[in-house]
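This report concerns only the one structure given below.
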Amino acid sequence: MIAYKFLSRGAVAPFTGFPWPDPGAWVSARVDREDAWIHACRRGDVPYWLDEELWRVELAGPVRETRYQIASPRARLVERIAGWDPSLGRAYAGACALRARDLALPHLAPALRDALTGVADLEAIVAAVNRAGPPPLAAAYVSDAANNALHVGPATTSYIACMLASRLGDGLAAFESERAWQSRWLAERLGLRDGR
Amino acid sequence: MTTRPVPDLTCKELVELVTDYLEGRLSADDRTRFELHLTYCDWCRTYVEQMRQVLAAAGELTEASVAPEARDALLAAFRGWKRGGGGGEP
């Protein structure tokens, strides 16, 4: 099964520090130790696990599917997805920040809503929220998302957009719905597919 | 569908679970929630890495490896703490 996996710089697993071998070399975990199986992402899981490098991986043997990831006792790197780079990361963070703005607009007072409508510049979004005085909750999230897109990175920005969706909508379902939008954004630009 | 607002942990919850995480004692669901948090929270990522280093270093310590003067200073500090003297200088 073809799936996706985020790794830290140098093809290192972000949580265990495991250095992945070159593409093509299989890595195995004990089949009877499901807690030690190798994790990977379906297309829809990708926004949850952002890191520096995105790889296409092949899983072999049984595949356990859970809510936000899949796991298998055997896997190998196939190829690094070069499209996931700092430039696309910044574009994605910006898109998530603008999504946060769009989600918030119906919940804002008219003056602030008018000030933010159609504004695509992230600095201008932050400035508009600051000018409005102590921001209501939704506007605070919008400013936070824009600030993070400018100065922190896509993982935090996309999470803030999902948090805003969760607060404005019906909790976890709205959070996951926003993640689904993010998954589509990434899949369209990176050519990600759900593989079998 | 659960009504939980987000799928992961808060920073406070993560701090409470860090030892279990590093010792491999979390359930699969809790481990997923723990690692979901780490993907976007640089502060917690740093904290977990520091705790990992502390545990690795502490795991190498044995009673015999502690210098006598350090052992005496620690024992004096613990005795003072037990008497209600707080955590002042040993």
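What to note about this one:
- Cβ-based exposure ranking for A:162, A:41, in which fewest neighbours within 10 Å come first: A:41, A:162
- Efficiency of FRET from Cβ geometry, residue A:66 and residue A:105, R₀ 45 Å, rounded to 0.05: 0.80
- Crossing angle, helix A:137-151 versus chain A [Cα axis fit, 0-90 degrees, rounded to tens]: 60
- As a proxy for reagent exposure, A:18, B:34, A:175 were ordered by neighbouring Cβ count within 10 angstrom, fewest first; the result is A:18, B:34, A:175.
- Helix B:28-40 and the longest principal axis of the C-alpha atoms of chain B enclose an angle of approximately 90°.
- Candidates B:25, B:52, B:71, ranked by Gaussian network fluctuation over chain B, Cα under 10 Å, top entry: B:71
- Gaussian network model of chain A, springs between alpha carbon atoms under 10 Å - residue of A:102, A:51, A:114 with greatest fluctuation: A:114
- Residues residue A:79 and residue B:67, FRET efficiency given R0 of 51 Å [Cβ-Cβ distance, rounded to 0.05]: 0.45
- Dipole magnitude for chain A: computed about the Cα centre from +1 point charges on Lys and Arg Cβ and -1 point charges on Asp and Glu Cβ, it is near 280 debye.
- About the centre of its Cα atoms, segment B:11-84 shows a dipole size close to 320 debye [charges on the beta carbon of Lys, Arg (+1) and Asp, Glu (-1) only; nearest 20 debye].
- 222 nm mean residue ellipticity, helices alone, for the protein assembly as shown (DSSP H n ≥ 4; -39,500 (n - 2.57); rounded to 500): -16000 deg cm²/dmol
- Neighbour-count ranking [beta-carbon atoms within 10 angstrom, fewest first] of A:5, B:82: B:82, A:5
- The angle separating the long axis of helix A:86-104 from the principal Cα axis of greatest extent in chain A is about 50 degrees.
- Phi angles across segment B:65-73 convert, under the Karplus curve 6.51 cos²θ - 1.76 cosθ + 1.60 with θ = phi - 60°, into 3J(HN,Hα) values of 7, 8, 5, x, 5, 5, 4, 5, 5 Hz, Gly and Pro given as x.
- When chain A is treated as a GNM with alpha-carbon contacts under 10 Å, the residue of A:121, A:22, A:32 showing the greatest mean-square fluctuation is A:32.
- Coordinate range of the alpha-carbon atoms in chain B per principal axis, descending: 57, 29, 23 Å.
- Note on the protein assembly as shown: Cα-only Rg and Dmax are 22.7, 71 Å.
- Mean separation of Cα contacts under 8 Å, 6 or more apart, over the residue count of segment A:108-196: relative contact order %: 18
Every read-out reported here was derived from the displayed coordinates using simple, explicitly stated rules and does not represent laboratory data. Because the structure is predicted, anything quoted here is derived from the model rather than measured. No Cβ is skipped: glycine too gets one built from the backbone with ideal geometry, and neighbour counts run over all protein chains shown.
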